[in-house]
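Have a look at the structure below, then the notes.
The values are calculated or read from the model by the stated rules, or taken from the named source; none is laboratory data. This is a predicted model, so every value here is computed, not measured. Note that we place each Cβ from the backbone using ideal geometry, even for glycine, and neighbour counts take in every protein chain shown. Side chains are part of the model used for accessible areas, which takes the heavy atoms of the whole protein and leaves out ligands, DNA and RNA. Shrake-Rupley method; radii C 1.70, N 1.55, O 1.52, S 1.80 Å.
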Amino acid sequence: QVQLVESGGGLVQPGGSLRLSCAASGSISSFRPMGWYRQAPGKQREFVAIIPSGDSTVYAEPVKGRFTISTDNAKNTVYLQMNSLKPEDTAVYYCYAFASNRGYWGQGTQVTVSS
C-alpha cells in the first residue's frame, strides 16, 4: 500500500509562484509513472505533468514553460514548481503514482489564483 500526501497549496495572486510537494511512503525511484493532475470546479480531472519513466518529463500544453516537475529520491518526494500562475490554474492538485501494479492518488491540495 502506497500513501501519497500533498502539501504546499494555497492562495496566490496572478503571476505568483507556488511549490507543491508530494511525500510518498516508499521508494519513489521505482514509482513510474508518477506525476500531477488537477481538477477545477465543474470539470474533469486533467493531466498536468508526469515522469513516465526514468527521469523523462511530459507536460500538458497549458503549463509548458511555467511548471516544472522534479523529484528528491532521498526524501521520497515529488515536487511541482508552478510559476507565472494564472486564474485558470485554480484547481485541486493531485499527486499520482503507479506502483506494485496499481495506481495511487493523494488526497489533493487546493491552489487558488486570484487577486
Just the Cα atoms of the stretch 1-49: what Rg and Dmax do they give in Å? 13.2, 38
GNM flexibility winner over the chain from Ser29, Ser84, Ser56 (Cα, springs under 10 Å): Ser56
Running a GNM on the chain with Cα contacts under 10 Å, which residue among Leu20, Leu85, Leu11 ends up with the highest mean-square fluctuation? Leu11
State, as an integer percentage, the relative contact order of the stretch 52-115 based on alpha-carbon contacts under 8 Å between residues 6 or more apart. 23
Pairs of alpha-carbon atoms within less than 8 angstrom and 6+ residues apart define the contacts here; what relative contact order does the stretch 11-67 have, in percent? 21
Between Ser25 and Ala60, what FRET efficiency follows from the Cβ-Cβ distance if R0 is 25 Å, with the result rounded to 0.05? 0.40
In nm, to one decimal, how far is the modelled label at Arg45 from the one at Asn73, with both set 7 Å along Cα→Cβ? 2.7
Accessible area in square angstrom per residue, the stretch 33-115, 1.4 angstrom probe: 51
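How much length, in nm to one decimal, is gained on full extension between Val5 and Arg32, taken as 0.36 nm per residue of separation minus their Cα-Cα distance? It would help to have the intermediate numbers written out before the result.
Values: separation 27, 0.36 × 27 = 9.72 nm, distance 1.70 nm.
Full extension of this stretch gives 8.0 nm more.
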For the chain, modelled as a Gaussian network with Cα springs under 10 Å, which listed residue fluctuates most, Pro41, Pro52, Pro14? Pro41
Point-charge dipole on Cβ atoms (K/R +1, D/E -1) for the chain, about Cα centre, debye to 20: 80
Once exposed loop trypsin sites (Lys or Arg not before Pro) are cut out (DSSP; at most 11 other Cβ, 10 Å), longest piece of the chain: 65-115
Ignoring ligands, DNA and RNA, please state the percent of accessible area on the chain from carbon and sulfur, probe 1.4 Å. 47
Calculated SAXS-style log₁₀ I(q)/I(0) at q = 0.16, 0.20 Å⁻¹ - the chain, Debye, Cα scatterers: -0.66, -1.03
